[in-house]
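Let me begin by presenting the structure, written as C-alpha cells, before commenting on it.
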Amino acid sequence: MTKTHLIFDLDGTVIDSSHRQRHVDGVLDLAHWRANATRENIMRDTLLPLAHLWRAVQASHPVIVCTARNITSADVDFLSMHGLRYKALLSRPAGDLTPDPLLKLRLLETMYRHIYTPTAGIFFDDRQDNLDAVATLGVTVKKA
C-alpha cells in the first residue's frame, strides 16, 4: 500500500504573506513582491490555519512543499522556525516566469516520475487554476 503524501502551497494556503503583496488592476505586482521578499519581511509572515494540519501529519505522512515562490534561506528558516518539516521542497527556479499552474504541474510531474504515486497525493492550494492543473495528474486537490 502506498502512503498518502500531502502537498502544500505556501502563500495564501499555509502562510499569510499578504503584507508583502500589492495588486495592480487585480493582478499581483511581481516586481513589488520580489522587492519585498526580504528576510525581515519574510519573518513577519504569519501562519494560516492549514499549518496546524501540516504539523499534525508531518510525523506520519510525507509532506511536500510546492510553491511558485523563489525559495531563499529566509523561507527555509521561516518554515523551520515554525516547526514545518517537509520531505521535498519544489519551487520556482530563479528567472523562471512560467505561469503558476503550469509551473506547479511541471514540478509535480517531475517528482512523480521519481517518487510517490499521484493518486496517493493530496494537494492544498488557494488558487483554483493551480488545483485544476494538478488534478490532471490524478492527485486529490483541496481548496485552502
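Bear in mind that the values in this text are calculations on the coordinates, not laboratory data. Note that the coordinates shown come from a computational prediction; the quantities given were computed from them, not determined experimentally. As a convention, Cβ positions derive from the backbone with ideal geometry for all residues, glycine included, and neighbour counts pool all protein chains shown.
What FRET efficiency would be calculated for the residue pair residue 96, residue 56, taking the C-beta separation as r and a Förster radius of 30 Å, to the nearest 0.05?
On the way: r = 32 Å, r/R0 = 1.07.
With a Förster radius of 30 Å, E is 0.40.
With percent of Cα pairs over 17 Å apart as the read-out, I listed (1) 59; (2) 75; (3) 67; which label goes with the value calculated from this structure?
Of the listed options (1) 59; (2) 75; (3) 67, (1) comes from this structure.
How much net charge surrounds residue 36 when only the other residues with a Cβ under 9 Å from the Cβ of residue 36 are counted, with Lys and Arg +1 and Asp and Glu -1? Don't skip to the answer; put the middle values down first.
Numbers: positive: 20, 22, 34; negative: none.
Neighbourhood net charge equals +3.
Counting only DSSP beta bridges with both residues in the chain, tell me the antiparallel percent, nearest 5. Spell out each step's value before the answer.
Details: 4 of 19 bridges.
Percentage antiparallel, nearest 5: 20.
Taking 0.36 nm per residue of separation and subtracting the Cα-Cα distance, what length does fully extending residue 80 through residue 143 add? If you can, show how the numbers build up before the last one.
Working: separation 63, 0.36 × 63 = 22.68 nm, distance 2.43 nm.
Full-extension gain reported as 20.3 nm.
What list of ³J(HN,Hα) couplings, whole Hz, do you get for region 110-125 from phi and the Karplus terms 6.51, -1.76, 1.60, once you set θ to phi - 60° and write x for glycine and proline?
For region 110-125, the Karplus-derived couplings read 4, 4, 5, 6, 10, 9, 6, 10, x, 5, 9, x, 10, 10, 10, 8 Hz, x marking Gly and Pro.
Using +1 on the beta carbon of Lys and Arg, -1 on that of Asp and Glu, and nothing else charged, what's the dipole of region 11-132 about the Cα centre, debye to 20?
The dipole of region 11-132 has a size of about 380 debye.
Give a residue-ordered list of calculated ³J(HN,Hα) values for region 61-77 (Karplus: 6.51 cos²θ - 1.76 cosθ + 1.60, θ = phi - 60°; whole Hz; x for Gly, Pro).
Along region 61-77, the couplings run 9, x, 10, 10, 9, 9, 10, 8, 5, 7, 6, 10, 4, 5, 5, 4, 5 Hz.
If you stretched the chain out fully between residue 27 and residue 119, how much longer would it get, using 0.36 nm times the residue separation minus the C-alpha to C-alpha distance? Please report the intermediate quantities before stating the final value.
On the way: separation 92, 0.36 × 92 = 33.12 nm, distance 3.25 nm.
Extra length available between residue 27 and residue 119 comes to 29.9 nm.
Need one word for region 64-124: rounded, prolate or oblate. Basis is the Cα gyration tensor (sqrt eigenvalues a ≥ b ≥ c); a/c below 1.5 gives rounded, then a/b vs b/c decides.
Details: a/c = 2.22, a/b = 1.17, b/c = 1.89.
It is oblate, given that a/c is not under 1.5 and a/b is not larger than b/c.
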